[in-house]
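K.L.:
This structure is in structure tokens; I'll ask about it shortly.
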Amino acid sequence: MADRDARETCVLLTSEPRGETVETMAAANELSRQLDEMQYANGDGPCLEALRSGTPVYAPVMAEETRWGEYPKLAVDHGVLSMLSLPLAPQGKTIGALNLYATVPQAFSDSGGEGALCELFAGQAGVTVAGSQRHSRNSS
């Protein structure tokens, strides 16, 4: 991250197999859970866009965002100044998203390789989530 003193938080969300419901599977803290819940309530936001499109979504300066209705203002009001949402897509099928929130603008720029490292981590998380879902289906 550009500013090593910045606070970061993350959340992992998954979609059920038909994509009709989305739930927060794990959250680093209550703030990240609340931020995701705000997106669910709005029906739009960076994590939902990453989940639907299967492509990374970067909001380098939340205060300047015009996408996602009221969500950017709500995020800024909660201290989030930049965000990166990465799809979890093992074998090309998006099954969830990893959402990274930061308290500084442009926190996930590639100037220090942070974006690439986050994408690598999301790839590994996607494989892990897919394995967990497969295990749950097979043991039911």
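The values are calculated or read from the model by the stated rules, or taken from the named source; none is laboratory data. These numbers were taken from a predicted model, which means no experiment stands behind them. Neighbour counts are summed over all protein chains in view; Cβ atoms, including those assigned to glycine, are modelled from backbone coordinates with ideal geometry.
K.L.:
Given (1) closer than 24 Å to Gly92 by Cβ; (2) in a helix (DSSP H, G or I); (3) not aromatic (Phe, Trp, Tyr), identify the lone condition not met by Leu31.
P.N.:
(1)
K.L.:
Next question. For Ala107, state whether it is crowded, with 17+ Cβ neighbours inside 10 Å, among the hydrophobic types (A, V, I, L, M, F, W, C), at pLDDT 85 or above and touching a Ser or Thr at 6+ places or on another chain (Cβ under 6 Å).
P.N.:
Considered against the rule, which asks whether it is crowded, with 17+ Cβ neighbours inside 10 Å, among the hydrophobic types (A, V, I, L, M, F, W, C), at pLDDT 85 or above and touching a Ser or Thr at 6+ places or on another chain (Cβ under 6 Å), Ala107 comes out as yes.
K.L.:
Something else now. Please verify whether the range 54-65 includes one or more residues that are at pLDDT 90 or above, buried (at least 21 other Cβ atoms within 10 Å of the Cβ) and not in a strand (DSSP E or B).
P.N.:
Yes; the residues of the range 54-65 include at least one that is at pLDDT 90 or above, buried (at least 21 other Cβ atoms within 10 Å of the Cβ) and not in a strand (DSSP E or B).
K.L.:
Would you pick out the residues in the range 5-33 that are of a type in the set (S, T, N, Q), loosely packed, with under 14 Cβ neighbours inside 10 Å and modelled with pLDDT of 85 or more?
P.N.:
Asn29 - this is the single residue of the range 5-33 that is of a type in the set (S, T, N, Q), loosely packed, with under 14 Cβ neighbours inside 10 Å and modelled with pLDDT of 85 or more.
K.L.:
Could you figure out which of (1) crowded, with 16+ Cβ neighbours inside 10 Å; (2) out of contact with any helix residue (DSSP H, G or I) (no Cβ under 9 Å at 6 or more places or on another chain) isn't true of Asp77?
P.N.:
(1)
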